[in-house]
Protein chains: 2
Amino acid sequence: MRNLKIDARRLWDEIHETGKIGGTAKGGVRRLTLSDEDRQVRDWFAAKARSLGCTVSVDGVGNMFALRAGRDPNRLPIAMGSHLDTQPTGGKFDGILGVLAGVEVLQTLNDNNIETESPLLLINWTNEEGSRFSPAVMGSGAFTGALPLDEVLAKTDRDGISFSQAIDSIGYRGPDPVGNRPIAAYFELHIEQGPYLEAEGQTIGVVTLVQGIRWFNGTVKGQDAHAGTTPMHRRADAMLAFARLTDRIDTIARKHGPLAVATVGVVDVPSASINVVAGDVSFTVDIRDPDDAVLDQMEAEIRKAAQEIGGLNGTEIQLDCFWKAAPVPFDADCIASVRAAAEQSHYATRDCVSGASHDAAYMQGIVPSAMIFVPSQDGLSHNELEHSTLDHCGAGAQVLLDAVLNYDEKSRR
Amino acid sequence: MRNLKIDARRLWDEIHETGKIGGTAKGGVRRLTLSDEDRQVRDWFAAKARSLGCTVSVDGVGNMFALRAGRDPNRLPIAMGSHLDTQPTGGKFDGILGVLAGVEVLQTLNDNNIETESPLLLINWTNEEGSRFSPAVMGSGAFTGALPLDEVLAKTDRDGISFSQAIDSIGYRGPDPVGNRPIAAYFELHIEQGPYLEAEGQTIGVVTLVQGIRWFNGTVKGQDAHAGTTPMHRRADAMLAFARLTDRIDTIARKHGPLAVATVGVVDVPSASINVVAGDVSFTVDIRDPDDAVLDQMEAEIRKAAQEIGGLNGTEIQLDCFWKAAPVPFDADCIASVRAAAEQSHYATRDCVSGASHDAAYMQGIVPSAMIFVPSQDGLSHNELEHSTLDHCGAGAQVLLDAVLNYDEKSRR
């Protein structure tokens, strides 16, 4: 049995070396999609992959592919990947760990002169975060055909700069067609961004499923009124209706717990004034659960609550479901490769549901895929204080290496 | 007994003539303080007052004073007044009725060659609405010494233009010192902006009191978190705490009904995102009641609720009371003059509490004052659809005339 060990310290150093690109005073990273910081880290990644003997190619939306040849050039490559872009006040680990652990896997194989049966492919996806250009997981969405290419290129940021302009301005519109690249399987290492592994003292999460998500835009239509002269019983207060619905949405999520979550993240009152009863409120709702039937139920209950609450105070609440992603179960063979890899190193392991969406969820739509989680300190993510330990990062890279090798060996048989 | 009749049609025509200055497509008026529309209506007012034989003077914050001489130049003038500025999407009556009814009073006296014992003074206060420059009732606040002059001049609008720059740009910084102008009494006619007169079929509201007001800035401090990966029980959701407090504030106001009101009019989530549990929310609270003791109780209950709600979901709610206006009872003699005037014309009358603040509330702090209300259709105000009938506007002007004459006769005795 092979006994390859990745070098956790080398991985850790590279996380901190690249973390300087867009590094913030609080120890986080600001590396918005297709910004100059994104260009710098892409340049770093391309140079590093080439130094490891890979050929690097880039497609029309900037997705980067580092290919390490295998023994059998007729086999499809086994892929690893994640993303190097960050939230505006993001951390050093979200996405980055998955790409740099892939680099570490390639380095370890080189150091030990290992030739895999299949080629290996390490991918840096463009715009996973969706902060500058919405929606998120854009690069893998375009690659897998879920998002039409022309729509992606036409997206604009808040300053009116299009994706197309931005990608040319950093020179990362590559010649490869988007999506026309067969792959055998896809593995993604990521920090958990949640609390379970840490709370239960486990090192590796074997991700079996990305939970389903539904996003809603909501509006409440009431009647603007003078806050001083309008008696309580004459009001159609949109803010009050919004508040009651927000409270009910929380109750509905808890009722479907422990996995269901619901979040009212945005509220806007266009004509807000301290002495005006709000006539119009808009807001968003995000609901998630591993089971689509539970999402159906939650949605129905939220719609019923909205109707009841509006009826009680003379307002009308509308809910528009504008994004619906069904739960994505990962591939059994890929999951088995991850599980076996975690067992080989005797890591404490649990099965996980991914609360966030990831590039792997889109990839599972076209190739067998799986994900590996490592603990996030305090479950904190999308935050400059986001943290994972050197040991956990190393464990994740080790499992990524062994999962890929397990899959490679399986396909050899 | 005198039998002077104001000309309701003439008043109505002047309301509609001046309503063209800043007139909106929906029939409302947009005449922001110290804008060019404000200049135009001020020019109209000054010319009209001069055409009626008044001397017009302007003080250092743009308050305009039209003086009609009386028989006894040693007496202090009896004043009428209100404001010609409007909300951004305001109506044709709020404030405007009080000034133009004053014009109609002067015209009626001229038409009938009436010389009052005391001089009469008609005032157009600057920035009653407080929409462009905050706070509201600014001109009368400066006049009565409640607001320091240098603070008023330094206020800026959303574009960073100071009150000082704005007043010079329209040429309405007058030479009169602000506030150094003795007055015998002050009467203000205004639309009710509430539903009571219309609901009960009355024509004249004898306003006995302006209710007390307290304004709060609130903040909720929780923890930003990923909406997909943070279980419900691990959240410190500032939006949820805000929502629960808003609901409780409504309950507290109703408990102290029927007069108490409470409004959460503004909410802001600085880092709002559909997939982020909000860590920071700010909001405003406006509470009003005719009785300061009730306001004390309401404030205590709201603070207790904030503490409880924050404690339950791990957030911290702060409430800063940044404006506190005690209830203002009007002067008994002035109220009696209004009541007698309403009875003279056999108008159906009720005593009213003013839910809104008005320039008269500041004036009562330095001179005997009272207010007259006429019905607002559907209680609607701060709205382009704001409406009062020709008959009600006329009735208000008639009562204003007779109240002033009653007060003048009383002081003659």
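The values are calculated or read from the model by the stated rules, or taken from the named source; none is laboratory data. Keep in mind that this is a model prediction, so the values were computed, not measured. When we count neighbours, we look across all protein chains shown, and the Cβ atoms used for this are built from the backbone with ideal geometry, even at glycine.
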Practice prompt. Evaluate the following for A:Phe133: is it in contact with an Asp or Glu (Cβ under 7 Å, 6 or more places away or on another chain) and either at pLDDT 95 or above or under 29 Å from A:His382 (Cα atoms) (or both)?
Written response: yes
Response to the item:
Matching residues in the range B:270-292 (within 9 Å of another protein chain (Cβ to nearest Cβ), small (Gly, Ala, Ser) and out of contact with any helix residue (DSSP H, G or I) (no Cβ under 7 Å at 6 or more places or on another chain)) number 3
Item to complete: Mind listing just one residue for me: the one in the range A:245-263 that is under 24 Å from B:Phe216 (Cα atoms) and in contact with a Leu (Cβ under 8 Å, 6 or more places away or on another chain) and, of those, surrounded by the most Cβ atoms within 10 Å (Cβ to Cβ)?
Response: A:Thr246
Practice prompt. Tally the residues that are at the interface with chain B (Cβ under 7 Å from one of its Cβ atoms) and in contact (Cβ under 8 Å) with a residue 12 or more places away in the chain, restricting the search to the range A:254-269.
Written response: 7
Discussion item. So B:Asp168 ticks every box in (1) over 23 Å from A:Asn275 (Cβ atoms); (2) of a type in the set (Asp, Glu); (3) surrounded by 19 or more Cβ atoms within 10 Å (Cβ to Cβ) but one. Which box is left unticked?
Written reply: (3)
Worksheet item: What residue, among those in the range A:343-378 that are assigned to a helix (DSSP H, G or I), surrounded by fewer than 24 Cβ atoms within 10 Å (Cβ to Cβ) and not polar (S, T, N, Q), is modelled with the lowest pLDDT?
Response: A:Asp378
Worksheet item: Could you say which residue among A:Thr89, A:Thr18 is under 28 Å from A:Asp402 (Cβ atoms), out of contact with any strand residue (DSSP E or B) (no Cβ under 8 Å at 6 or more places or on another chain) and among the hydroxyl-bearing types (Ser, Thr, Tyr)?
Response: A:Thr18
Worksheet, complete the sentence: By residue number, the members of the range A:229-253 that are of a type in the set (D, E, K, R), more than 7 Å from every other protein chain (Cβ to nearest Cβ) and closer than 26 Å to B:Val210 by Cα are A:Arg235, A:Asp237
Worksheet entry | Hits in the range A:293-313 (condition: more than 24 Å from A:Pro135 (Cβ to Cβ) and away from chain B (no Cβ under 13 Å)) | A:Ala293, A:Gln297, A:Ala300, A:Glu301, A:Lys304, A:Ala306, A:Gln307, A:Glu308, A:Gly310, A:Gly311
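Condition check ((1) within 25 Å of B:Gly394 (Cα to Cα); (2) aliphatic (A, V, I, L, M); (3) surrounded by 22 or more Cβ atoms within 10 Å (Cβ to Cβ); (4) not assigned by TED's automatic domain parsing to the domain that holds B:Val399) across all residues:
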position	(1), (2), (3), (4)
B:Gly53	yes, no, no, no
B:Ser57	no, no, no, no
B:Gly62	no, no, yes, no
B:Leu67	yes, yes, no, no
B:Asp72	no, no, no, no
B:Met80	yes, yes, yes, no
B:Pro88	no, no, no, no
B:Gly91	yes, no, yes, no
B:Val99	yes, yes, yes, no
Worksheet entry | Per-region count, the range B:181-196, residues surrounded by 24 or more Cβ atoms within 10 Å (Cβ to Cβ) and away from every other protein chain (no Cβ under 11 Å) | 5
